[in-house]
Amino acid sequence: MTKTFDFSGTNVVVTGGARGIGFQIVKDFLEAGSSVTIWDYDKDTLDASLKELSAFEGKVKGFQVDVTDVASCNEVAKSTGSVDVLINNAGITRDKSLKKMTLDDFQKVIDTNLTGLFNVTKSFLDQELFSADSGRNRIINMASVVALYGNFGQTNYVASKAGVIGMTKTWAKELGRKGFTANAIAPGFIETPMTAKMPEEVLQSIVSKVPVQRMGRPEDIAQTCMFLASEAASYINGTVISVDGGVTL
Ligand code: NDP
């Protein structure tokens, strides 16, 4: 894919950046000249991702963190330092029908996908780590197309992602006058370890319903993040961009 963005001098933080969509976002911002900090849960995955990015030594660093843990978010934000673009991408699924879903299944997903975004964003905001004069304070939150339309077996996940959209719009209103934009991306079905867990016949049936006849790629989401972080998107605030090949039409 042709790279069209220049983010030299920009500090970017990507949660859940060690694999899947997050890892592609990290790679694309590095290639566009940013310094990038990866926040992720699993130390081994994090180390493996940093090893794969060794060509960008000095421009990329990573911290092991659980976004559900407020104290660790605060500590890691301090170690991360100044940020221009925060991409709240970490997320999990625990799919079950409502009848089978336990309160623990529900709570875990809300804690990570919704409260986690609150914790991470607050950790930078409260410690005044968003760089005041970059003119490019951007918050990009990963929602999902299912937040807009519902999905069988995903009461917890859909609730968390619908909450992300509401929270994004509120931040757009509250933080706009302070030089921020806050937007959400609603990916459709993207080829990542998360969707690799789904049975092949389910994946085939999804593709058959996508007008462009393919699963999304992590690059499709990464390029949308770059657009939202770019000067070209400085008047886009509080919106949700669906990147789903038209699956919901
Ligand atoms: P992956 O599972 O591949 O990656 C998510 C990353 O987030 C993992 O590295 C995971 O770590 C990390 N993570 C999970 N929990 C925590 C936590 N508590 N603290 C810190 N990091 C954590 O997911 P995808 O790349 O597929 O998805 C990325 C985002 O996009 C998610 O928010 C997802 O909901 C959203 N999305 C994805 C779609 C898809 O089709 N793939 C569709 C719509 C939205 P670990 O592996 O150790 O758990």
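Figures for the structure shown
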item: Selection count where residues are in contact with a helix residue (DSSP H, G or I) (Cβ under 7 Å, 6 or more places away or on another chain) and in contact (Cβ under 8 Å) with a residue 24 or more places away in the chain, scope the stretch 156-179; result: 9
item: Residue list for the stretch 5-33, filter: without any contact (Cβ under 8 Å) to a residue 60 or more places away in the chain and closer than 18 Å to Ile185 by Cβ; result: Val26
item: Counted residues, the stretch 13-42 - those being within 9 Å of the ligand (Cβ to nearest atom) and not hydrophobic (A, V, I, L, M, F, W, C); result: 10
item: From Lys59, Lys99, residue being under 17 Å from Ile25 (Cβ atoms) and surrounded by fewer than 17 Cβ atoms within 10 Å (Cβ to Cβ); result: Lys59
item: Residue identified as among the aliphatic types (A, V, I, L, M) and over 30 Å from Thr155 (Cβ atoms) among Val36, Val14, Val70, Val65; result: Val36
item: Ala143 within 10 Å of the ligand (Cβ to nearest atom) and over 14 Å from the mean Cα position of the chain (by Cα); result: no
item: Residue among Ser79, Ser97, Ser72 that alone is more than 11 Å from the ligand (Cβ to nearest atom), free of Cβ contacts under 8 Å to residues at least 40 places away in the same chain and more than 17 Å from Gly22 (Cα to Cα); result: Ser79
item: Helices (runs of 4 or more DSSP H) enclosed by the stretch 174-239 - at least 3 residues per element that are more than 11 Å from the ligand (Cβ to nearest atom) and at negative phi; result: 200-209, 218-229
item: Looking only at the stretch 103-140, and only at residues there that are of a type in the set (S, T, N, Q) and within 12 Å of the ligand (Cβ to nearest atom), the one that is surrounded by the most Cβ atoms within 10 Å (Cβ to Cβ); result: Asn113
item: Verdict on Leu86 being surrounded by 17 or more Cβ atoms within 10 Å (Cβ to Cβ), in contact (Cβ under 8 Å) with a residue 24 or more places away in the chain and either assigned to a strand (DSSP E or B) or at positive phi (or both); result: yes
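Let's see how each residue does on (1) touching a strand residue (DSSP E or B) at 6+ places or on another chain (Cβ under 7 Å); (2) buried (at least 23 other Cβ atoms within 10 Å of the Cβ):
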residue: Gly163; (1), (2): no, no
residue: Thr170; (1), (2): no, no
residue: Gly179; (1), (2): yes, no
residue: Cys225; (1), (2): yes, yes
residue: Ala229; (1), (2): yes, yes
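Bear in mind that the values in this text are calculations on the coordinates, not laboratory data. All figures in this text were calculated on a predicted structure; none of them were measured in a lab. Cβ atoms come from the backbone with ideal geometry, glycine included; neighbour counts cover every protein chain shown.
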